[in-house]
Amino acid sequence: MRRIIVLFALISTQMGAIRAQWDVQFSDFTALKSYYNPAASGTDGLLNVAAAYSMQMLGYEHSPQTMFAGADCPIYFMSPRHGAGLNILSDQLGIFNTMRLNVQYAYNMKMGDKGRLAIGVQGGLITEKIDPKGLELETQNDPAFPSSAVSAEHFDLAAGLYFYHPQLWMGLSAMHLMAPTLVMNEKYEVHVPMSFYFMTGGNIKLKNTLLTLQPAFMLMTDLLSWREDIQCKAIYEYDEKKLYIGLGYSPRISTTFMVGGMFHGIKVGYSYQMYTSGVSMINGSHEIALGYQTDLDLFKKGRNKHKSVRWL
């Protein structure tokens with residue numbers, strides 16, 4: 001029991017912006033844009049399949065572990081282009097387990113020669129479960145903990161705007177618009193606050209035509225707490241193969257190191273988030289991201305070349 005209390009204290013100190021806003025924060029946020037903004041679904045004209053596994057504060061018992069899987073794609077049944085997506089998330093923290101299942105729809109329209117502006121909505125289900133199985137309490141039948149597993153579920157809603165261009169992208173989204181409260185019984189309930197995200201990034205081509213820089217920024221808030229994330233990737237591309245290294249920084253929280261690549265549409269990425277105070281360097285967070293990307297536009301010349309700025 002003491003280990004859980006210590007772990008929660010560390011999370012409140014080092015990851016306060018994450019847990020205060022309830023949502024999970026992935027180290028490489030640009031790899032999972034549609035997780036943060038439903039309007040990003042299908043906007044780039046590609047089928048995107050992504051999965052991520054995050055092990056946070058490794059070395060601490062009952063530390064958070066998060067799994068995410070999702071897919072989004074365009075729908076070419078009428079003009080302008082429509083997009084759709086589906087994702088699922090499981091977040092385990094000690095005796096607490098959160099499950100989210102969402103479906104997404106995005107309506108997007110042309111802006112200029114290469115730009116697109118999308119409006120997206122997301123609907124889904126949040127399930128929260130408290131399971132004390134295996135928990136060793138100093139005081140038996142402690143009223144602060146349920147004697148058996150309890151759970152609750154609630155409908156969830158989100159919406160967003162997303163602008164996409166080969167050299168620039170940005171998005172604004174509002175998650176948990178209903179700010180649901182999951183009531184398990186008369187003693188246990190979990191409130192999910194509304195949260196807001198602003199994301200932007202771009203592509204900077206260097207004189208060496210094989211190298212590109214991709215800076216990105218994200219701001220997340222529930223209007224009570226804030227978190228800012230900055231990252232930049234240096235990408236080497238040759239013959240439909242891409243390799244990258246990257247660095248991320250979140251003031252007051254962490255520094256992140258990233259490495260990965262894409263080979264014929266298959267994406268692999270790894271990142272390590274090192275907390276800047278209070279936690280040892282070896283007790284950071286590890287994250288693995290896998291994905292696949294291909295062109296679905298059967299009417300476009302040179303299709304299925306697996307090329308897009310939204311490759312990670």
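The values are calculated or read from the model by the stated rules, or taken from the named source; none is laboratory data. Nothing here was measured: the structure is a model prediction, and the numbers come from that model. A quick note on method: Cβ atoms are made from the backbone with ideal geometry, for glycine too, and the neighbour counts reach across all protein chains shown. For accessibility, only protein heavy atoms count, side chains too; no ligands or nucleic acids. Shrake-Rupley method; radii C 1.70, N 1.55, O 1.52, S 1.80 Å.
Summary table
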read-out	value
Considering residues of region 264-279 that are β-branched (Val, Ile, Thr) and open to solvent by 40 Å² or more (accessible area, probe 1.4 Å) only, the residue modelled with the lowest pLDDT	THR276
Boolean, MET184 is open to solvent by 80 Å² or more (accessible area, probe 1.4 Å) and in contact with an Asp or Glu (Cβ under 8 Å, 6 or more places away or on another chain)	no
Qualifying residue in region 14-30 (condition: modelled with pLDDT of 90 or more, open to solvent by 10 Å² or more (accessible area, probe 1.4 Å) and touching a helix residue (DSSP H, G or I) at 6+ places or on another chain (Cβ under 7 Å))	no
Boolean, ALA106 is touching a Ser or Thr at 6+ places or on another chain (Cβ under 9 Å) and either open to solvent by less than 20 Å² (accessible area, probe 1.4 Å) or modelled with pLDDT under 95 (or both)	yes
Conditions (1) farther than 16 Å from ALA50 by Cβ; (2) assigned to a loop (DSSP other than H, G, I, E, B); (3) modelled with pLDDT under 85; number of the one not met by ARG310	(1)
Hey, GLY261 part of a strand (DSSP E or B), among the small types (Gly, Ala, Ser) and either open to solvent by 10 Å² or more (accessible area, probe 1.4 Å) or touching a His at 6+ places or on another chain (Cβ under 8 Å) (or both) or not	no
Pick from region 53-67, criterion at pLDDT 90 or above and either basic (Lys, Arg) or open to solvent by less than 10 Å² (accessible area, probe 1.4 Å) (or both), ranking: nearest to LYS129 (Cα to Cα)	THR66
Test: residue in region 187-208 that is surrounded by 15 or more Cβ atoms within 10 Å (Cβ to Cβ) and acidic (Asp, Glu)	no
Subset of region 34-52 [open to solvent by 10 Å² or more (accessible area, probe 1.4 Å) and in a loop (DSSP other than H, G, I, E, B)]	ASP44
Filter result for ASP229 (in a strand (DSSP E or B) and touching a residue at least 60 places away in the same chain (Cβ under 8 Å))	yes
Qualifying residue in region 70-77 (condition: surrounded by fewer than 22 Cβ atoms within 10 Å (Cβ to Cβ), at pLDDT 85 or above, among the hydroxyl-bearing types (Ser, Thr, Tyr) and farther than 30 Å from ILE282 by Cβ)	no
